[in-house]
Amino acid sequence: MSKPRPSSDPARRAAVLRAQIEYHNDRYYNDEQEITDADFDLLLRELIALEAADPSLIVDGSPTRHPGATRQSTFAPAEHVVAMLSLDNAFSLDELTAWGARVAKLVSEPIEFVCEPKMDGLAISLLYERGQLVRGATRGDGRVGEDVTENVRTIREVPARLQGNRVPQRLEIRGEIYMNLVAFNALAAKQTAANKTVVVNPRNAAAGSLRQKDASITASRELSLFVYQLGVVDGGPELATHSETLEWMRELGFAVNPLIVTHDSIGEVYAQCNALLEQRHGLGYDIDGVVIKVNALSQRAEMGFTSKAPRWAIAYKFPPEERTTILRDIHVSIGRTGRATPFAMLEPVFVGGVTVSTATLHNQDEVARKDVRPGDTVIVRRAGDVIPEVVGPVLAKRPLGLATWEFPTDCPVCEVPLVREDGAANHRCLNASCPARQWSQIVYFAGRGAMDIEGLGDERIAQFVDAGLIVDAADIYALTSDKIEAIPRLGAKSASALIIAIEGSKATPLWRVLVALGIKHVGPSAAQAFAKALRSLDAIFAAPIEQLVAIDGIGSIIAESLKSWIEVPHNARLIEKLRAAGVNLAVEDNRGPREDFEQVFVGMTFVLTGTLATQTREIAAAKIEARGGKVTNSVSKKTSYVVAGDAAGTKLAKAESLGVTVLDEAAFAALLNEAV
Ligand code: IVH
């Protein structure tokens, strides 16, 4: 069936237009403008034309009849004296090198390059006459922007009058208005608390805050400014380089980014781009690349401009951390504790260096708060090594009539009704024999943080469960080569490797066996505390609550959780099956936790970052703690060591900048006296 074309039915089209106009009017007055004024005008003009052609289409309260319709582009137009051009982009070393070669050909002397963080905000032009701020204008289409003078006057970093003794008659200065991350997070938190649509990113927040009809709202938002370019100048000092220009701007009282540096070759420039890429999440504000500019103004004059951009500058763009894609559907997964987690099924999108096709949506309230609906175009964000996130829908692209998503009433796997207890954020499947719960429990049991059985990942476990070979975690130990080989795509070689791994796991230290049971609240530290104090699983489960809470690091919530777990007959049977299979259920004399290791790390602080190849960060942390060391999240001068795995990001950069010793995995193993 083909979609009805918009123009085929004028009455219907008029209704659609009215709805869209009302919607965008509402967004606009609520400080959440989604479409440009020009796009808004198109909608309005189309409706006016339809109504003019057929007056019977005019309804009471049509947006063409009430004041909202006359919404002008709010701000007066502001013509730029010198056009505000944009920049050409480079996305790779090759493109950067090609640009370097192009500009080198245009001049005879060697070129010095200035590298500036590319601020992710909005460009502003500030005009000063006899030292006084007389106009602030947005970029607009580059030729004509919007007059936002009253709004920029409320920004602390925009000087009302220029300082120093080199103040020119007339000066136009350009820079970027941005919102730092502290201010952005505070604004987002405030909007969440007030149940308002939440700003999606600092750039939109900065633009929305600046383009306020009521300048007192702009004043209440914390906006900042870095300047980076001159427009028109009458009566300024003689300047030979961009570096001198930046210096003069500082003298006049403007904030100039302190991270701006100069370099002599494209190789160094590229190294600087990578250094900033590493640092980007530790800066406290968003940058989306590096702007590279020729320093000598005489060379710039020789190079000139193309129709849209200067030849003497280029923007090296970082890989995007936000992309839009289609939300195909929302599914619900059931975890080992029965928790039902909605997650987004996305049209795969390459963002933040990986292809993302799913992202958690956490719970029902989160889906409602973000108001994401299957069929929406959504913004997906993945910054650094943070897990991908659906930021929110692009409402301007929402198909009309798109239905909201309803949380399923029943478990998608066992079909038992899901329960959301009063005051709880999560729905749960309470059926202990739900196959999804059992499967997740077995995956967790065999996983890296627990028994760490190599070759027994989620897909293989699914195959064994489907084939009826395993029902609970202890059944893993009843697997034989013959049984495994009967599974499609599993040959004798992988079967025997798996059997060896399963056998080896029987000697897993007690505390990790305890972690593997997946008891709520019993993670590595609690498990180590139990093992250290009571030394066998039987003693741990037999101890009365009073004895458990007397253990250092164990509170009543953990103790009660442990107790209620073992009271479930199914769980008690699991322990007996593990015992019968020969799984270690006690601390062996020569390799128990904590007290069996020399306390060589006492007084030392470690930070773990990136993906470790041979263990999870939790296990690595447990090893450090077992030797008396501490593990923290952030790097400071006091950090003794940073252990960096693959794709380590800002923490590694910070360690390097503070001169903290960085260990790779082999060096860490050596420190632990372990072979990797
Ligand atoms: S210079 C003619 N320097 O990037 C050169 N622009 O993609 C004018 N931007 O419209 C721009 N940081 O809004 C320059 N250090 C920087 C910048 C910067 C961010 C923005 C600016 C510009 C856009 C071009």
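The values are calculated or read from the model by the stated rules, or taken from the named source; none is laboratory data. This is a predicted model, so every value here is computed, not measured. Here the Cβ is made from the backbone with ideal geometry for all residues, glycine too, and neighbour counts use every protein chain on show. With ligands, DNA and RNA removed, areas are computed over all heavy atoms of the protein, side chains included. Shrake-Rupley method; radii C 1.70, N 1.55, O 1.52, S 1.80 Å.
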Quiz item: Taking every DSSP beta bridge that has both residues in the chain, what percent is antiparallel when rounded to the nearest 5?
Solution: 85
Quiz item: So what is the relative contact order for the chain, in percent, with contacts set as C-alpha pairs under 8 Å and at least six apart?
Solution: 9
Quiz item: Hey, which lysines would be in cross-link range of LYS638, C-alpha to C-alpha under 30 Å, not counting anything within fewer than 8 residues on its own chain?
Solution: LYS532, LYS623, LYS630, LYS651, LYS654
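Multiply the residue separation of ARG102 and THR614 by 0.36 nm, subtract the distance between their alpha-carbon atoms, and state the gained length in nm to one decimal.
Working it through step by step, the gained length comes to 179.7 nm.
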Quiz item: Under a plain spin-label model, where a point goes 7 Å from the Cα along Cα-to-Cβ, how far apart in nm are ARG489 and ASP538?
Solution: 4.3
Quiz item: So how far apart, in nm, are the two label points at GLU406 and SER636 if each is 7 Å from Cα heading toward Cβ?
Solution: 5.2
Quiz item: Against the longest alpha carbon principal axis of the chain, how many degrees, from 0 to 90 and to the nearest 10, is the axis of helix 37-53 turned?
Solution: 70
Quiz item: How many angstrom separate the Cα center of segment 73-100 from the Cα center of segment 359-427?
Solution: 37
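What FRET efficiency do you get for THR192 and VAL549 if R0 is 45 Å and r is their Cβ-Cβ distance, rounded to the nearest 0.05?
Taking R0 as 45 Å, the efficiency between THR192 and VAL549 is 0.80.
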Quiz item: Projected onto the charge dipole of segment 387-502 (+1 at Lys/Arg Cβ, -1 at Asp/Glu Cβ, origin at the Cα centre), which of THR409, CYS429, GLY392 gives the Cα projection farthest towards the positive end?
Solution: GLY392
Quiz item: Farthest toward the dipole's positive end in the chain, which of SER333, HIS24, ILE461, given Cβ charges of +1 (Lys, Arg) and -1 (Asp, Glu) about the Cα centre?
Solution: HIS24
Quiz prompt | Length released on extending from ALA478 to VAL416, taking residue separation times 0.36 nm less the Cα-Cα span | solution = 19.3 nm
Quiz item: Considering amide H positions built from the backbone, and no H for Pro or chain starts, which residues 5 or more places from VAL416, or on another chain, come under 5 Å of its amide H?
Solution: CYS411
Quiz item: With each pseudo-label sitting 7 Å past Cα toward Cβ, what's the LYS213-GLU560 distance in nm, one decimal?
Solution: 5.4
Quiz item: Is the shape of segment 593-650 rounded, prolate or oblate, going by the alpha carbon gyration tensor and its root eigenvalues a ≥ b ≥ c, with a/c under 1.5 for rounded and a/b larger than b/c for prolate?
Solution: oblate
Quiz item: Which whole-angstrom value gives the distance between the alpha carbon centres of segment 547-576 and segment 101-124?
Solution: 64
Practice problem: Could you list which residues have their amide H under 5 Å from that of GLY289, counting only those 5 or more apart in sequence or on another chain, with H placed in the peptide plane? | Solution: LYS118, PHE318
Quiz item: How far is helix 181-193 tilted off the main Cα axis of the chain, in degrees rounded to 10, range 0 to 90?
Solution: 80
Quiz item: With θ set to phi - 60° and the Karplus curve 6.51 cos²θ - 1.76 cosθ + 1.60, what are the ³J(HN,Hα) couplings of segment 448-458 in order, to the nearest whole Hz, using x for Gly and Pro?
Solution: 5, x, 10, 6, 6, 8, 5, x, 10, x, 4
Quiz prompt | FRET E, pair THR262, ASP466, Förster distance 41 Å, beta-carbon r, rounded to 0.05 | solution = 0.05
Quiz item: So what does ILE442 come to for accessible area, using a 1.4 Å probe and Å² rounded to 10?
Solution: 0
Quiz item: What ranking do 641-649, 185-193 get when scored by the average of other Cβ atoms within 10 Å per residue, highest first?
Solution: 641-649, 185-193
Exercise. Enter the angle in degrees (range 0 to 90, nearest 10) between the Cα long axis of helix 617-626 and the first principal axis of the Cα atoms of the chain, meaning the one along which they spread out most.
Key: 60
Quiz prompt | Extension gain, VAL602 back to SER298 (0.36 nm per residue minus Cα-Cα distance, nm) | solution = 103.4 nm
Exercise. Using a/c under 1.5 as the rounded threshold, could you call segment 436-484 rounded, prolate or oblate? The axes a ≥ b ≥ c are square roots of the C-alpha gyration tensor eigenvalues, and prolate needs a/b larger than b/c, oblate otherwise.
Key: oblate
Quiz item: Among rounded, prolate and oblate, which fits segment 402-500 when a ≥ b ≥ c are the square roots of the eigenvalues of its C-alpha gyration tensor, a/c under 1.5 means rounded, and a/b larger than b/c means prolate?
Solution: prolate
Quiz item: Based on the Cβ-Cβ distance of GLU347 and ASP94, what FRET efficiency does E = 1/(1 + (r/R0)^6) give at R0 = 25 Å, to the nearest 0.05?
Solution: 0.30
Quiz prompt | Centre separation in Å (Cα based) which lies between segment 461-513 and segment 601-676 | solution = 32
Quiz item: Check ALA90: other-chain or 5+ apart residues with amide H under 5 Å from its amide H, H built from backbone geometry?
Solution: ALA315, TYR316, LYS317
Quiz item: How much solvent-accessible surface does ARG323 expose, in Å² to the nearest 10, with a 1.4 Å probe and all protein chains in place?
Solution: 90
Self-check item: Electrostatic dipole magnitude of the chain [Cβ: Lys, Arg +1; Asp, Glu -1; Cα centre; debye, to 20]
Solution: 440
Quiz item: Under 18 Å from the Cα of LYS397, which lysines turn up, not counting those fewer than eight places away in the same chain?
Solution: LYS3, LYS370
Quiz item: Isolated Cys in the chain by the 4.7 Å beta carbon test?
Solution: CYS115, CYS273
